[in-house]
């Protein structure tokens, strides 16, 4: 399926058509350097796109009675400059790029939907790794 994270109506239509039991949000404008050249698009696709996806999931759950488990792929870029290594979940966030800020918004809005709407919304903070 094709989805555009800047198109909330299209996202909602896909959720209604597919009727997923799980949604993994790995979508983003994911180039840190590009985020400085395209900060508005980065915020819209990466940060507000997560909100649009969460809202589509919430709306579908309320209208259908189905439960959808939501996973937000957060990023180590949310930490930005850090005072401690390795980072922990309790390490303060200090993003240093539009990408890091957008991922932080997506992270916090998932937590907000979990707490405000009693949705199953989880976040995982992903780091670069060598394979």
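The values are calculated or read from the model by the stated rules, or taken from the named source; none is laboratory data. Given the structure is predicted, the values throughout are model-derived calculations rather than measurements. Note: ideal-geometry Cβ built from the backbone for every residue, glycine included; neighbour counts use all protein chains shown.
Quick one: how many residues across segment 36-57 are more than 15 Å from residue 4 (Cβ to Cβ) and touching a strand residue (DSSP E or B) at 6+ places or on another chain (Cβ under 9 Å)?
2
Yes or no: segment 112-121 includes at least one residue that is farther than 19 Å from residue 12 by Cα, outside any helix (DSSP H, G or I) and touching a strand residue (DSSP E or B) at 6+ places or on another chain (Cβ under 9 Å).
No: segment 112-121 contains no residue that is farther than 19 Å from residue 12 by Cα, outside any helix (DSSP H, G or I) and touching a strand residue (DSSP E or B) at 6+ places or on another chain (Cβ under 9 Å).
Looking at 107, 129, can you tell me which residue is without any contact (Cβ under 8 Å) to a residue 40 or more places away in the chain, under 30 Å from residue 33 (Cα atoms) and buried (at least 20 other Cβ atoms within 10 Å of the Cβ)?
107
Would a scan of segment 78-88 turn up a residue that is out of contact with any helix residue (DSSP H, G or I) (no Cβ under 9 Å at 6 or more places or on another chain), touching a residue at least 12 places away in the same chain (Cβ under 8 Å), surrounded by fewer than 13 Cβ atoms within 10 Å (Cβ to Cβ) and farther than 17 Å from residue 107 by Cα?
yes
Please count how many residues of segment 61-78 are under 19 Å from the mean Cα position of the chain (by Cα) and more than 16 Å from residue 28 (Cβ to Cβ). Even if it seems obvious, please write down each step before you answer.
Taking segment 61-78 and keeping what is under 19 Å from the mean Cα position of the chain (by Cα), we get 61, 67-78.
Next, from what is left, pick out any that are more than 16 Å from residue 28 (Cβ to Cβ): 61, 67-69.
Residues that pass the stated criteria total 4.
Answer yes if at least one residue in segment 79-88 is at pLDDT below 95 and within 12 Å of residue 125 (Cα to Cα), and no otherwise.
The answer is yes; a qualifying residue exists.
Which of the residues belonging to segment 19-70 are part of a loop (DSSP other than H, G, I, E, B) and within 23 Å of residue 95 (Cβ to Cβ)?
Step one: filter segment 19-70 for residues part of a loop (DSSP other than H, G, I, E, B), giving 19-21, 26-31, 38, 65-68.
Within segment 19-70, 26, 27, 28, 29, 30, 31, 38 qualify.
Do we have residue 115 as under 15 Å from the mean Cα position of the chain (by Cα), under 20 Å from residue 48 (Cβ atoms) and free of Cβ contacts under 8 Å to residues at least 60 places away in the same chain here?
no
Give segment 39-57 a look and list any residue that's surrounded by fewer than 20 Cβ atoms within 10 Å (Cβ to Cβ) and in contact with a helix residue (DSSP H, G or I) (Cβ under 8 Å, 6 or more places away or on another chain), or say none.
The answer is 39, 43, 48, 51, 55.
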